[in-house]
Amino acid sequence: MADSICRTIRDGALEGEHAPSLTIKDTTASPYGFGVFTHVLSQASTLILAGKSQSRGLVVVAYSRSPSFYLDFLKRSGVDVASSQKWIHILDCYTDPLGWKHQLADSGILPSNSSAGACLFQDVKDINKLQSLILELGSGLVGQGKVRFSVAIDSVTEMLRHVPLSKVAALISDLRSHDQISSIFWLLHSDIHDVRVTTSLEYLSSMVASVESLNQSSDGLSGDLGNLSLLEQNFRRGKFHVRFKRRNGRVRVMNEQFHMEESGIKFTSVTVEDGLVSQGLVPKVLFNLELSEKEKLERARVVLPFEHQGNGKPIQIYDGRRSLAPESMGEVSADTSQSSTEECSNGGGEIIYFRDSDDERPDSDEDPDDDLDI
Amino acid sequence: MDSRARNLLDEALGLDQLTQSKSPLGGKAVLIEDCVETSGSFVLHQLIKRLLTATSNSSNVVLFLAFANPFSHYDRILLGEEGKAGGGRSGLFALFANITKVLNSLPEGNRKCLTIVIDDVSLIEVAAHGSSDHVLDFLHYCHALTSNHHGCSLVMLNHDDFYSSMDRPVFLKQMEYAADVLVKVKPLATGLAADVHGQMTVLNRDQCNRRGSLNNRMSNFQFRIKENSVEYFYPGART
């Protein structure tokens, strides 16, 4: 549950224990992991500002959005960003991760500029420098003592493009065991990586939050547009599955649903009715493929041509040749062709069935295969 | 019909809300995915035409990176800067340098009116000798131009079926994650038709409401490409 995650982040690390760490993962089938990330970010920020969190500061390592995006987002979420320099630092790995703009500025092509309120990082391949900078920025917010700060990485997927898994895992492991880190959370697009990468990062996490589509299609967005109904059902909503790993080793699993609204992501509990809702696999076409209630009722009223209807009448086993009512033989002989009719009388339905076998003489010694020309 | 045709695609992309001195696509990154059976390049052409003929904002500038066709092919559509990408990262760095030169040559107030159009991304990969990492670096820098500081818009065309045979089409998925708007152009599931040339789904995934106005919706409609225009209509609604 999203609230449980935020409470764990709020409570932070115990003395002598690793800091709680959260992996948020999604796929292109349900690409709303960033919505969850920003939700946790705004909740953590609110708690830090209110003094209700163990953490007293937040360092955001921004790979996929600009620093100004985060400040605007927090402002729209009602977080006071006027005093942001006292409690949040954004390490800008988005604007110029490889130093291209720096090179262009040196050659006079581009005026040099720095992101307001952010620390520009221009060498994302140097993970050691990145780690030092994270710790330096965090200490700058909370001081050198026992006070802790939190770290948020908006895209470990982007980080892994520049740095091998072993170094990323080492960074996270070092941060988790650092005395001044209260909690860490990051976003990972699991369908970009192979299973080894995702699993390695999940091993380092005390919480794993998965964003999944409500209805699984064969290949998410890349599937055939004939899965349009699935696309519509999965658009801006999905399932939120969280796995908590407790200190004693016990694992707790929780499920919710989410939907994206104008104000952000909203979480709701999974109700029984939601679980039983028809997935609506019938494709949306111009003609009707489903029955209305009236049609279902009338179909249920149709009497099937079986002798043993269990309706109180004597049960006679059908031997394949004799019809049930001997007095109807005269009518049958008048119309020997097989026919079936369906009629409605008094709102019910009836199927009248004339068997071919009624025409046969019983106890015939003839070999029924005599007429075959083999 | 042409004015109605504009409405469906324009509405899906938010182009019907063009205002003065505002980035026409709202500073978004748009990814168009097409396939061999149904080319999506007409969407690029329509977008460019729409941007350059918008009477509400005559400051619109389109920076067109043309890799798919000779520049004379686009002559009747627009004229813009021609980027030449050589092999490897240095070529892509040079291409980015050209883009920033164009951006800086614009008056500061008009920089948000710049739309960078790339036709198409798979050919940048070819130019980079198959190094998708270098191309992703280049696209990242283009994407960074859509941030608040610059406010440009970005439109990219790539091919869904080009990568669909891979176990994990990582390159295309990376682009999908980075895009605010996904336009998927596909043939009809029922096959070829004389009067309907394909279907289009537009997914607006501006999740965190970057521009402060919610336009999150999913649109699906069909299209028919005519001589000089494209007709858009909802399934079964074509007159």
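The values are calculated or read from the model by the stated rules, or taken from the named source; none is laboratory data. From a predicted model like this one, the values you see are computed outputs, not experimental measurements. We place every Cβ from the backbone using ideal geometry, glycine too, and count neighbours over all the protein chains shown. In case anyone asks, the SASA skips ligands and DNA or RNA and just uses the protein heavy atoms, side chains included. Shrake-Rupley method; radii C 1.70, N 1.55, O 1.52, S 1.80 Å.
General remarks:
- Above-threshold pairs, the threshold being 32 Å between Cα atoms, out of A:LYS245/B:LYS173; A:LYS52/A:LYS266; A:LYS86/B:LYS173; A:LYS266/B:LYS173; A:LYS25/A:LYS296: A:LYS86/B:LYS173; A:LYS25/A:LYS296
- With contacts taken as Cα pairs under 8 Å at a separation of at least 6 residues, the stretch A:1-124 carries a relative contact order of 21 percent.
- Take each residue of peptide B:169-180, count the partner chain Cβ atoms within 10 Å of its Cβ, and average: the result is 5.
- Exposure of A:GLU290 as accessible area (Å², to 10), given a probe of 1.4 Å and all protein chains: 110 Å²
- Under Karplus coefficients 6.51, -1.76 and 1.60, residue-wise ³J(HN,Hα) of the stretch B:182-199 in Hz, glycine/proline x: 10, 10, 10, 10, 9, x, 5, 5, 8, x, 6, 9, 6, 9, 10, 9, x, 10
- A:PHE37 sits with roughly 0 Å² accessible to a 1.4 Å probe, with DNA, RNA and ligands left out of the calculation.
- For A:ASP369, B:ASP180, the ranking by accessible surface with the largest value first comes to A:ASP369, B:ASP180, using a 1.4 Å probe.
- For the peptide A:188-198, the mean number of other protein chain Cβ atoms found within 10 angstrom of a residue's Cβ is 2.
- The 1.4 Å probe gives accessible areas that order A:PHE73, B:PHE138, largest first, as A:PHE73, B:PHE138.
- Comparing the full protein assembly with the isolated chain (1.4 Å probe, heavy atoms, ligands and nucleic acids excluded), the residues of the stretch A:67-109 losing at least 50 square angstrom of accessible area are A:ARG76, A:TYR94, A:TRP100, A:LYS101, A:LEU104, A:ILE109.
- Between the beta carbons of A:ASP194 and B:SER164, assuming R0 = 30 Å, the FRET efficiency works out to 0.95 to the nearest 0.05.
- For A:THR28, nonlocal amide neighbours, meaning residues 5 or more places apart or on other chains whose placed amide H falls under 5 Å from its own, are A:ASP191.
- Karplus 3J(HN,Hα) series, Hz, for the stretch B:108-124 with 6.51 cos²θ - 1.76 cosθ + 1.60 (x for Gly, Pro): 4, x, 9, 5, 6, 8, 8, 10, 9, 10, 10, 10, 10, 5, 5, 7, 5
- Rounded to the nearest Hz, the phi-derived 3J(HN,Hα) couplings of the stretch A:46-60 under the Karplus curve 6.51 cos²θ - 1.76 cosθ + 1.60 (θ = phi - 60°) are 4, 5, 5, 5, 7, x, 9, 10, 4, 6, 10, x, 9, 10, 9, where x marks glycine and proline.
- Surface accessible to a 1.4 Å probe, A:CYS6 within the full protein complex, Å²: 20 Å²
- Distance (nanometres) between label positions extended 7 Å along Cα→Cβ at A:THR268 and B:SER90: 5.8 nm
- Here is the interface size for B with A: some 4700 Å² of accessible area buried, both sides summed, with a 1.4 Å probe.
- Each of A:HIS18, A:HIS39, B:HIS129 has its accessible area taken with a 1.4 Å probe; listed largest first, they run B:HIS129, A:HIS18, A:HIS39.
- For A:GLU17 and A:ARG299, the difference between the fully extended length at 0.36 nm per residue and the C-alpha to C-alpha distance is 95.0 nm.
- The mean count of C-beta atoms from other chains within 10 Å of the C-beta of residues in A:151-158, rounded to a whole number, is 1.
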